[in-house]
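Report on the structure given below.
The values are calculated or read from the model by the stated rules, or taken from the named source; none is laboratory data. Keep in mind the model is a prediction, meaning the values are calculated, not measured. As a convention, Cβ positions derive from the backbone with ideal geometry for all residues, glycine included, and neighbour counts pool all protein chains shown. Ligands, DNA and RNA are stripped out before the accessible areas are found, and what is left, the full protein with its side chains, is counted by its heavy atoms. Shrake-Rupley method; radii C 1.70, N 1.55, O 1.52, S 1.80 Å.
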Amino acid sequence: MKAAKRTDREANEGVVKVAVNAAGNEGYILELNSETDFVSRNEKFQNFAGEALALIEQNKPTDLAALLALPMAQGSVQESLDNLSGTIGEKMAIKRMAIVKGATVAAYSHLGGRIGVLVALDQADKMELAQEVAMQIAAANPKYIKPEEVAAEELNKEKEIYREQLLKEGKPAAMVDKIVEGKVGKYYSEVCLIEQEFIKDDKKKVKDILGGVQVLEFLRYNL
């Protein structure tokens, strides 16, 4: 009942937990929220997040509802979370979870669990490289892997904004399209992982450190 009364409160603090299996080809990520940073550092809260993450690895739930229905020591995951919420006195919720698979999968936790990253590569035994890419994703927050993934609608919107700015600045119409294309390249270098400057060496792009290795997927959870 206590937990039910707290459902309208905001729970924007918490922790993001990440892990990779022993084979290094499957990763798990979970975001557990609380109302305050103080509670997010509570040992019971942290332990619960760790136990829920272990359940994801053991049981491979297909979605959040499946995870919440899994059994724990005190009933289901949802019931155990409600009990913990009642004990500590704050609203708590598992916001999201996911499983990522690839030939190599790396996990990276940043800022004490405020940011968590999983990244999957298409070649095996590339853990060191995958870790570098995971750190890049944590620091640079890309939205896409490569330019081809940017929706045409989003790209056209960006181009329109650039065009309007340039015309307002009095740039000749004949030059505008050329300048816009240059700005699109810069946009790609901000939002697309492989086009970003590599955080450890700004003379290289991420695609340079990847060589022929492909990034299959990445997830970045941020509190």
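Each Lys and Arg contributes +1 and each Asp and Glu -1, all at the Cβ; summed about the Cα centre of the chain, the dipole is approximately 280 debye.
In the full protein context, the range 56-214 carries 55 Å² of accessible surface per residue, based on a 1.4 Å probe and ignoring ligands, DNA and RNA. Note on the chain: with a GNM built from Cα contacts shorter than 10 Å, the maximum mean-square fluctuation among Ile29, Ile161, Ile199 falls on Ile161. For the pair Glu197 and Met175, a Förster radius of 30 Å applied to the C-beta separation gives a FRET efficiency near 0.70, rounded to the nearest 0.05. Taking the structure as given and computing percent of Cα pairs over 31 Å apart, which label from (i) 16; (ii) 36; (iii) 40 fits? For percent of Cα pairs over 31 Å apart, the calculated option is (ii). Taking 0.36 nm per residue of sequence separation and removing the Cα-Cα distance, the Lys60/Ser76 pair yields an extension gain of 4.2 nm. The modelled label-to-label distance between Glu164 and Ala69, using points 7 Å beyond Cα along the C-beta direction, is 4.7 nm.
Descending by average beta-carbon neighbour count within 10 Å, the peptides 14-25, 205-216 line up as 14-25, 205-216, the highest first. So which of Lys91/Lys146; Lys91/Lys207; Lys44/Lys200; Lys159/Lys207 end up more than 32 Å apart by C-alpha? Long pairs (Cα-Cα over 32 Å): Lys91/Lys146; Lys91/Lys207; Lys44/Lys200.
Across the range 1-156, C-alpha contacts under 8 Å between residues 6 or more apart give a mean separation that, scaled by the residue count, equals a relative contact order of 26 percent.
The label point for Lys186 and the one for Lys157, both projected 7 Å from the Cα toward the Cβ, are 2.0 nm apart.
Nonpolar atom fraction for the chain, defined as the carbon and sulfur part of the 1.4 Å probe accessible area, stands at 49 percent.
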